[in-house]
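Quick one: the structure is below, questions incoming.
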Amino acid sequence: MQWRMKNMPLFIIATLLFGLKTYVVYRFMFDLSIENPMQEFILLFNPIASAYLIFAISVWLKPKNQMKYLRWTTLIGSLVLFLNLIFYRNFTDFITIPVLFQGNNAADLTGSFLTLLHIEDIFIFADVALVWYLSRQKFNLSVKMPKRGKIAVTAVTFLLLAGNVVLAEIERPMLFVRAFDREYLVKNIGIYNYHLYDATMQTKTKAQRVFADGSEISEIETYLKETSPDQTNKDSELYGIAEDKNVIFVSVESFQNFLFDSEINGTETTPFLNDLKQSKDTITFENFYHQTAQGKTSDSEFIVENSLYPLGRGSVYFTHAGNEYNALPEILNEEGYETSVFHANNASFWNRDVMYENVGYDQFYDEKSFEVTPENSFGWGLEDKAFFEQSIKYLQSQEKPFYSKFITLTHHFPFELPEEKANIDKYDSNSKTLNSYFQTARYTDEALEQFFQQLKDAGIYDDSIIVLMGDHYGISDFHNKAMSQFLGEEVDPYVQTQLQRVPFMIHIPGYEDGGVQDKVVGQIDVKPTLLHLLGIEENGDLTFGDNMFAEKNKDFVALRDGSFITDDYLYSNETCYDRSSGEPLPEEDAQVCQPIKEKVSKEMNYSDNIIYGDLFRFYEFDQTEK
């Protein structure tokens, strides 16, 4: 063995070690799903091909520099793999270039980062130690060869890359068109080639704004007029029901519908919300889906404010905060509402201080507006009970009517709660995240109950409507084993998509005809719905959402990964399911999902074009009317 190592170039040793290490990480730490032997072979082949691409460059360097190059590229490559793994454990996604520009968010992720570390992560750096050791030995592992030999080594690189691309296209045709599905890209071309692809896409999208001339907007306008039914529906009993009332919008962090009516050891997780859901003065949409992507909470804000889809890469709040929009706060400002946001975090997190000003918020009550002490803060900051209590004085000082958005913090990954504040037991599973999830959900439920009472005591409640919405999932599919245990069924793509349902509740004091509605809706429908309740017409607005109370709605709710839900079908992971039974449709019947799939793709592209091209700068929005 020692003789072989002495006679094998280090770049070949590094390639084999790094490639096999990466395969093991893909297979058993990312736990990427494998559906057939071809996928298994590609998953093994692409990391070796990628490693060879990087390490073979060393043959063009001087012997001393070869060793230095191999040491540092092995370390850097391992760090890229490690950071993607940490990111994946939290978001079940891979890092993109726009996410890297959100680096100022990292200061608030320290606790989360430590929670995501596993002891087996040391394995990722084992080959780094070995390469560094071998590169410093007396026996020479560098390569000395004529130019012809170097060219031959490089030619093998292109053969391997071409082979990888061909195999990937055979396994997943039009792979590079399906840019929204990063897991497919990583499985088929590897994480390093994926990052090269991402860099190319970043360059392309940056160029889109430069070359946009506004001609695209008329096509999008025509499409929206043809596909969106009349949203005004003034005959609806709910049209204008909240006219001149205050709107209090609560974005409930990481809250998913499976929490409703759940119990841990006989104790209700969300007793207040369970009762509110059934009350006559509350309209609850039980099939309401979050539609966020990498921007998470900022995506949910963007969707609600603009009725546009989030980007598949990064957060619009960061990448396109300077665009022209026709956002909900701007529209409400024109109608005489004072608009504000309450969030006890630093103002620059998710670039909110910049984006909020651009979309028309009058006031941002960030962490500097609150008294944060060691006694009233834990996890991500100010606890929800203190947050709501300290916000009341600001609500009372606002001009009426007002639109105020609240973003909670306590129920945030990694769901930390001091033992003395917990009024429900932890769940018992292999997932610490899921186990703690119920305790922080219960705490937020208690905070919301107190908030309703505080609004009543302050004389604000009767002249307001209160909207509660879950912003995005809290439990990613990285915890599917524990979720399967909790749900009592396997979490397949159908169940995983159903788990993207989050609360959407409209509480109207004095209303008597509320209840639970089963219509399929999503976050993109919130803006036109709120304007409907406020009696504000959308003359000339361009939105991809529908008023939830309109007689006719678009026939699907689209998720950013290409999944969609209709009244009858659910499409996820290339499979068309019967929505009521959860059973995959037979192949001959599954074609019913194809036309909707094409519509979803078209809408996502149109929305992306609006954002990337900043197309609203070319559009004249009509004035809204009451």
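Report the gain in length on full extension from VAL210 to LYS147: 0.36 nm times residue separation, minus Cα-Cα distance, nm rounded to one decimal.
Answer, rounded to one decimal: 18.4 nm.
Moving to a separate point now. If you roll a 1.4 Å probe over the heavy atoms of the protein chains, what accessible area per residue do you get for the chain, in Å²?
42
Determine the shape class of the stretch 427-540: with a ≥ b ≥ c the square roots of the Cα gyration tensor eigenvalues, call it rounded for a/c under 1.5, and otherwise prolate if a/b is greater than b/c, oblate otherwise.
oblate
Run the helix sum for the chain: -39,500 (n - 2.57) per DSSP H stretch of 4+ residues, divided by residue count, reported at 222 nm to the nearest 500 deg cm²/dmol. Present the calculation step by step, with values, prior to reporting the outcome.
Details: 22 runs with 276 residues, N = 626.
Result for the chain, helices only: -14000 deg cm²/dmol.
If you count, for each residue, the other Cβ atoms within 10 Å and average over each peptide, how do 273-285, 580-592 line up from highest to lowest?
With the highest mean Cβ count within 10 Å placed first, the list reads 273-285, 580-592.
Can you give the convex hull volume of the alpha carbon atoms of the stretch 377-430 per residue, in Å³?
Convex hull volume per residue, Cα atoms: 111 Å³.
Let's test this: bin the Cα-Cα distances of the stretch 226-335 at 10 Å from zero up to the farthest pair and state each bin's percent.
10, 30, 35, 21, 4, 0
Another one. For the chain, count the residues as N, evaluate 2.2 N^0.38 Å, and divide the Cα radius of gyration by that value, please.
So the chain has a normalised radius of gyration of 1.04.
A follow-up question, please. Can you list the aspartates and glutamates whose alpha carbon sits under 13 Å from that of LYS519, skipping same-chain ones fewer than 8 residues off?
Output for LYS519: GLU286, ASP546, GLU551, ASP555, ASP567, ASP568.
Residues in the stretch 432-464 near a label at ASP244, defined as backbone nitrogen under 18 Å from the 7 Å Cα→Cβ point?
Label zone hits: 460-464.
A further question on this structure: List the residues whose amide H sits under 5 Å from the amide H of CYS576, counting only those 5 or more places along or on another chain, with H placed 1.01 Å from N in the peptide plane.
Amide H to amide H, under 5 Å and 5 or more residues apart or across chains, CYS576 pairs with LEU585.
I'd like the distance between the alpha-carbon centres of the stretch 115-163 and the stretch 27-100, rounded to an integer number of Å.
11
Ranked highest first by average number of other Cβ atoms within 10 Å, how do 287-300, 474-487, 419-432, 541-554 line up?
Sorting 287-300, 474-487, 419-432, 541-554 by mean packing, highest first, produces 287-300, 541-554, 474-487, 419-432.
Carbon and sulfur: what percent of the stretch 389-474's accessible surface (1.4 Å probe)?
Within the stretch 389-474, the accessible surface is 39 percent carbon and sulfur.
Give me the net charge of ARG352's neighbourhood, meaning all other residues with Cβ under 10 Å from the Cβ of ARG352; Lys, Arg count +1, Asp, Glu -1.
Within the 10 Å Cβ shell, the charges total -4.
Then there's this: Starting with the highest mean, order 324-330, 459-465, 334-340 by the number of other Cβ atoms within 10 Å, averaged over the residues of each peptide.
324-330, 334-340, 459-465
Right, something else. What list of ³J(HN,Hα) couplings, whole Hz, do you get for the stretch 285-301 from phi and the Karplus terms 6.51, -1.76, 1.60, once you set θ to phi - 60° and write x for glycine and proline?
For the stretch 285-301, the Karplus-derived couplings read 9, 7, 10, 9, 10, 6, 10, 7, 10, 5, x, 6, 4, 5, 5, 4, 5 Hz, x marking Gly and Pro.
Under a plain spin-label model, where a point goes 7 Å from the Cα along Cα-to-Cβ, how far apart in nm are LYS393 and ASP353?
2.3
On alpha carbon coordinates alone, what is the Rg over Rh value for the stretch 126-172, Rh being the Kirkwood radius? Walk me through the intermediate numbers first.
Working: Rg = 16.3 Å, Rh = 13.6 Å.
Across the stretch 126-172, the Cα-based Rg/Rh ratio is 1.19.
Express in whole angstrom the spacing between the alpha-carbon centres of the stretch 420-459 and the stretch 491-529.
21
ASP261 to ARG617: extension gain in nm, 0.36 nm per residue of separation minus the Cα-Cα distance?
That pair, ASP261 and ARG617, stretches by 123.5 nm at full extension.
At 7 Å along the Cα-to-beta-carbon direction for both LYS481 and HIS118, put a label point, then send me their distance in nm to one decimal.
Each label point lies 7 Å from its Cα, and together they span 0.8 nm.
In terms of modelled amide H atoms, which long-range or inter-chain residues lie less than 5 Å from the amide H of SER377?
For SER377, whose amide H was placed from the backbone, the distant partners under 5 Å are GLU383.
At a Cα cut-off below 29 Å, give the lysines reachable from LYS62, other chains included and same-chain residues fewer than 8 away excluded.
LYS6, LYS21, LYS138, LYS144, LYS147, LYS150
A further question on this structure: Counting each pair of different Cα atoms once, what's the Kirkwood radius of the stretch 497-626 in Å, rounded to one decimal? Each step should come with its number before you reach the end.
On the way: mean 1/r = 0.0593 Å⁻¹.
Every distinct Cα pair counted, the radius reaches 16.9 Å.
Tell me, Kirkwood radius of the stretch 329-463 from alpha-carbon pair distances, in Å?
Computed over Cα pairs of the stretch 329-463, the Kirkwood hydrodynamic radius comes out at 16.1 Å.
The values are calculated or read from the model by the stated rules, or taken from the named source; none is laboratory data. Given the structure is predicted, the values throughout are model-derived calculations rather than measurements. Glycine also receives a Cβ, built like all others from the backbone with ideal geometry; neighbour counts cover every protein chain displayed. For the accessible areas, the whole protein counts, side chains as well, though only heavy atoms, and no ligand, DNA or RNA atoms are used. Shrake-Rupley method; radii C 1.70, N 1.55, O 1.52, S 1.80 Å.
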